[in-house]
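Below is one structure, written out as structure tokens, with a few remarks after it.
The values are calculated or read from the model by the stated rules, or taken from the named source; none is laboratory data. Computed from a predicted structure; not experimentally measured. Cβ atoms come from the backbone with ideal geometry, glycine included; neighbour counts cover every protein chain shown. Note: areas computed on protein heavy atoms with side chains; ligands, DNA, RNA excluded. Shrake-Rupley method; radii C 1.70, N 1.55, O 1.52, S 1.80 Å.
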Amino acid sequence: MTQLSVNINKIALLRNSRGRNYPDVCAFAERFLQLGADGITLHPRPDQRHARYTDVAELQAVTSAHGKELNVEGYPTAEFIEVVRRARPAQCTLVPDSPDQLTSDHGWDLVRDAGMLRPVIAALNDDGIRVSLFVDVNNPLLPLARELGAQRVELYTEPYAETFGSARSAPVLEQFRVAAALAGQAGLGVNAGHDLNLENLADFLTIPDILEVSIGHALIVECLELGMPAVLARYVALVAGR
């Protein structure tokens, strides 16, 4: 069954806008887990404009207490890797973001970036941290992620989200189906994320063996519109295939 990991960066962004611990990121993480989320995702960027590096260890304690997983996303700077290795979350998703990037918008070049990624992945694996690499759907070299030492890839789903409901939707979804199969044949688990929401998630999950979806921006907006219990109940049903 697909796992739902709630990205709580937007909660952290609200907190940082007022300069004090309100809303409390850990309290919201607790609430999402209580309502049925399988894990929490956090993506601290170098400027810490929303998630902070100090959040990582605190959220690891929260998720561990619930027997759930923390997924920490980010570009592998020395500081980021040090923070992740200290906290030892279940998963680290490496993303090729530039320091000033607004949001993630492309995957790794697994040939060009291999020399940098290989030792980072090895160090994380040595600490028992599962590694996922953020990748584009049209990358024919997805199997290289396994050779670099990663256990999973996360498919960047913006191309699917932006075509959902249009005449282009079916061929784009088929691209994702092919990419997921290619990754699976290489022994990689498949995660997915970016702009998935209550409207488009069910169709995406017709792709078999998606292990985890990470959803943040849309889910938080939906919670504002519909309330947390209603939104989480709908997501839990979707990932369960109900």
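Here the stretch 211-242 is the region considered, the condition is being small (Gly, Ala, Ser) and part of a helix (DSSP H, G or I), and the residue that is farthest from TYR156 (Cα to Cα) is ALA230.
Could you please find all residues in the stretch 1-45 being farther than 14 Å from LEU219 by Cα and β-branched (Val, Ile, Thr)? Passing the criteria: THR2, VAL25.
Within the stretch 12-32, the set of residues being open to solvent by less than 10 Å² (accessible area, probe 1.4 Å) and under 13 Å from MET228 (Cβ atoms) comprises ALA29, PHE32.
If you filter the stretch 65-83 down to residues that are more than 17 Å from the chain's Cα centre (by Cα) and open to solvent by 70 Å² or more (accessible area, probe 1.4 Å), you find that the one that is nearest to LEU124 (Cα to Cα) is GLU82. For the residues ALA61, ALA12, the requirement of being within 24 Å of PHE134 (Cα to Cα), out of contact with any Phe, Trp or Tyr (no Cβ under 6 Å at 6 or more places or on another chain) and not in a strand (DSSP E or B) singles out ALA12. Among the residues of the stretch 201-210, those that are surrounded by fewer than 17 Cβ atoms within 10 Å (Cβ to Cβ) and either assigned to a strand (DSSP E or B) or not charged (D, E, K, R) (or both) comprise ALA202, THR206, PRO208. Consider the stretch 40-64 and keep the residues that are modelled with pLDDT under 95 and over 23 Å from GLU154 (Cα atoms). The one that is most open to solvent (accessible area, probe 1.4 Å) is ASP47.
Restricting attention to the stretch 170-200, the residues being in contact (Cβ under 8 Å) with a residue 12 or more places away in the chain and either in a helix (DSSP H, G or I) or buried (at least 22 other Cβ atoms within 10 Å of the Cβ) (or both) number 18.
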